[in-house]
Amino acid sequence: MDYFIQSHRKRVRTLAKWLGVIAAVVWLNQHNASAQGLLAAATGAKDLTFPEFAVC
């Protein structure tokens, strides 16, 4: 009897993991446009430059 319960628990955990993966893929797919916009903004920004001397 314990074998079937253990096996059922393992199946439930596996199913939960796969549902999490599917949910993550769907979420990333929906937010792909905003992620591409952020990437474009980050790569299109000018390089950060520091002054040669500190101003106090």
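Numerical summary
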read-out: LEU39 accessible area, 1.4 Å probe, all protein chains in place, Å² to nearest 10; value: 110 Å²
read-out: Gained length - LEU15 relative to LYS46, 0.36 nm times residue gap less alpha-carbon distance; value: 6.6 nm
read-out: Ranked order, HIS31, HIS8 - accessible area, probe 1.4 Å, largest first; value: HIS8, HIS31
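The values are calculated or read from the model by the stated rules, or taken from the named source; none is laboratory data. In this text the structure is predicted, and so the values were computed from the model without any measurement. These area figures cover heavy atoms from the full protein model, side chains too; ligands, DNA and RNA do not enter into them. Shrake-Rupley method; radii C 1.70, N 1.55, O 1.52, S 1.80 Å.
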